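Below you'll find the structure, written out as structure tokens, and then a few comments.
The values are calculated or read from the model by the stated rules, or taken from the named source; none is laboratory data. These figures come from a predicted structure and were not determined experimentally. Note that we place each Cβ from the backbone using ideal geometry, even for glycine, and neighbour counts take in every protein chain shown. Surface areas here come from the heavy atoms of the whole protein model, side chains and all, with no ligands, DNA or RNA. Shrake-Rupley method; radii C 1.70, N 1.55, O 1.52, S 1.80 Å.
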Amino acid sequence: MRRYVAEVIGTFALVFAGTGAIVVNDVTQESITHVGIALTFGMIVMALIYALGDVSGAHFNPAVTIGFWTARQFDGKEVVPYIIAQLLGAIAASATLRVLFLEHDTLGATLPAGVWWQSFVLEVILTFLLMFIILNVATGAKEKGIMAGAAIGATVGLEAMFAGPICGASMNPARSMAPALVSGHLEHLWIYIVATIAGAILAVFAYQFVQTETNSDTEPVAEHHAVEEVS
């Protein structure tokens, strides 16, 4: 149960801080700026990984949970409870922002700036890169370690920095679903569910291919050293 509670709290903090930065930026004549919003997303992700990585693995993202499960690094029976916990935390955050900012229309919902397929492709690529990095720096299905938080947080901030103005740089179905549901802007929600999950799954296959190639390259070297030591 403590893992689910950690996922609720972590996803609440992520959505509250990240989309909250968007809302505050809108109601204060862009005092935070786009760069500040991107940094907020990256920094809250980094802080949460260090705080809760040892407890729940610090997923806070249904696409990441599904990615770990696809990579066979996460128990299938935990997938649905994790996603439910993440959605509860995200919706609670958006509901809180609705109470605080009644006048705001979208509550930081992710909406395409151009044609739908442009944002779809961007979200697939962004989530692919994020999940690929997570798989390479995480410990099993847990995002933890000295550099994991910095690497993952930097990736989130970087991707939000350059792609946010076009697609919103969601990379996270829960982050998109919560403000969309609470604000009623559901017209493009499917993009941020389908594209992010697809990107995470594609990253798993790329990760497995790279790791298989890496292992096959290093095994003969290790074997050669072992023969030398015996002789």
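Computed with a 1.4 Å probe over protein heavy atoms only, the accessible surface of the chain comes to 47 Å² per residue. Averaging the inverse of every distinct alpha carbon separation and then flipping it gives the Kirkwood radius. What is it for region 1-126, in angstrom units? For region 1-126, the Kirkwood estimate is 15.6 Å. Ligands, DNA and RNA aside, Y207 has an accessible area near 40 Å² when probed at 1.4 Å. Tell me, what HN-Hα J-couplings in whole Hz come from the Karplus equation 6.51 cos²θ - 1.76 cosθ + 1.60 at θ = phi - 60° for each residue of region 181-190, using x for Gly and Pro? So the J values, rounded to whole Hz, are 5, 6, 8, x, 8, 9, 4, 10, 4, 4.
Local charge for L135 was computed over the other residues whose Cβ lies under 13 Å away, with Lys and Arg +1 and Asp and Glu -1, and equals +1. Overall form of region 105-157: prolate. Here a/c, set by the Cα gyration tensor axes a ≥ b ≥ c, is 1.5 or more, and a/b is the larger of a/b and b/c. Split the accessible area of region 1-66 by element, probe 1.4 Å, and carbon with sulfur accounts for 70%. Here is how the number arises for the chain: DSSP H runs of 4 or more residues each give -39500 (n - 2.57), the sum is divided by the residue count, and the result at 222 nm is -26000 deg cm²/dmol.
Between S183, M161, G42, the Cα set farthest toward the positive side of the dipole of the chain (charges on each charged residue's Cβ, about the Cα centre) is that of S183.
Taking a ≥ b ≥ c as the square roots of the Cα gyration tensor eigenvalues, region 83-177 comes out oblate, since a/c reaches at least 1.5 and a/b does not exceed b/c. For the residues V124, V99, V24, V35, a 1.4 Å probe over the protein chains yields an accessible-area ranking, largest first, of V99, V35, V24, V124. Got a number for carbon plus sulfur as a percent of region 103-193's accessible area, 1.4 Å probe? Its accessible area is 73 percent carbon and sulfur atoms. Ordered from highest to lowest accessible area with the whole protein assembly present and a 1.4 Å probe, R3, R72, R175, R98 read as R72, R3, R98, R175. In this calculation the C-beta distance from A51 to A95 is compared with R0 = 22 Å, giving a FRET efficiency of 0.45.
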